[in-house]
Amino acid sequence: MLTGTELSVARASRGFMPDDEGLALAQAAAGADVSLGPLLEVGGYCGKSACYLGPVARRLGTVLFSVDHHRGSEENQAGWEWHEPDLVDPDVGLMDTLPVFRRTVFDAGLEDAVVAVVGHSAAVARAWSMPLSLLFIDGGHGVQPAADDYEFWTPHVASGGLLVIHDVFEDPADGGRPPYERIYLPALKSGRFTEIDACGSLRVLRRR
Ligand code: SAH
Ligand code: MG
């Protein structure tokens, strides 16, 4: 589903996606029924997950929309655990991952398959109307952003489409809980989704 070169490009790119979970993400995408619609990720950051999803999207004859305001999540800001100081725009004093994202997508040869949508996730989701064959949620991990991504994005997953969630930690000792409590559990409890695969903190659900 990814060539050896595509896989090494994805693995070498900057970001927060362990190799095995990236592969599981690409595998899930390869099983998407793109007659339902395109793929969309919430949380593009520096383009790593786009390097796993983009080549699959192209092979399936569709595109990956990558939604991010590119200002970083709470945990990416100065003083937090996942902060990378070179990603701050010194003139603005805020993070700006868009230049790195663009460069990553260019270097990976994915400009025809990956479409950046720059904006606040909930604002984009509220205006969105296209059904999705796969939704990958890897955006803000605070309570509110996670709850908003669940509320505003998951209705766009087409019936038979896939919902993939990253950083799902059942045990608080392993990581923050909002993706688990505010996205994964509500999706299952809603009765709209069934779990079909899991790898590390990645969960793959299918909409009934
Ligand atoms: N998928 C990426 C990692 C994403 S990190 C990878 O593979 O490396 C989470 C991203 O979500 C950050 O880039 C941050 O800017 C974005 N984000 C957080 N909250 C957001 C919001 N409310 N709207 C848009 N983007 C958001
Ligand atoms: Mg993540």
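The values are calculated or read from the model by the stated rules, or taken from the named source; none is laboratory data. Since this is a predicted model, take the numbers as computed values, not measurements. Positions of Cβ are generated from backbone atoms using ideal geometry, with glycine treated the same way; all protein chains shown enter the neighbour counts. With ligands, DNA and RNA removed, areas are computed over all heavy atoms of the protein, side chains included. Shrake-Rupley method; radii C 1.70, N 1.55, O 1.52, S 1.80 Å.
On the stretch given as region 157-208, residues that are of a type in the set (Lys, Arg), in a loop (DSSP other than H, G, I, E, B) and closer than 20 Å to residue 40 by Cα total 2.
How many residues are assigned to a loop (DSSP other than H, G, I, E, B) and either closer than 18 Å to residue 9 by Cα or more than 9 Å from ligand 1 (Cβ to nearest atom) (or both) if we restrict to region 60-93? Final tally of qualifying residues: 14.
What is the residue count in region 94-109 for residues that are part of a loop (DSSP other than H, G, I, E, B) and over 16 Å from the mean Cα position of the chain (by Cα)?
3
Of all residues being polar (S, T, N, Q) and in a helix (DSSP H, G or I) in region 1-47, which is nearest to residue 139 (Cα to Cα)? Just the residue, please. Selected residue: 27. Tell me, please, whether a residue that is buried (at least 16 other Cβ atoms within 10 Å of the Cβ), β-branched (Val, Ile, Thr) and in a loop (DSSP other than H, G, I, E, B) can be found in region 48-59. No, that holds for no residue. Please enumerate the residues belonging to region 20-47 that are crowded, with 22+ Cβ neighbours inside 10 Å and more than 16 Å from ligand 1 (Cβ to nearest atom). Selection gives 32 alone. Pull up region 82-109, narrow it to residues that are in contact with a strand residue (DSSP E or B) (Cβ under 8 Å, 6 or more places away or on another chain) and closer than 28 Å to residue 154 by Cα, then point me to the one that is most open to solvent (accessible area, probe 1.4 Å). Checked region 82-109; the qualifying residue most open to solvent (accessible area, probe 1.4 Å) is 102.
The set of residues from region 121-156 being open to solvent by 50 Å² or more (accessible area, probe 1.4 Å) and either in a strand (DSSP E or B) or over 24 Å from residue 51 (Cβ atoms) (or both) comprises 123, 126, 127, 129, 131, 143, 144, 151, 155. Among residues of region 156-181 that are within 15 Å of residue 130 (Cα to Cα) and within 16 Å of ligand 2 (Cβ to nearest atom), none has a beta-carbon under 7 Å from a residue that is open to solvent by less than 20 Å² (accessible area, probe 1.4 Å) and modelled with pLDDT under 95 at least six positions away or on a different chain.
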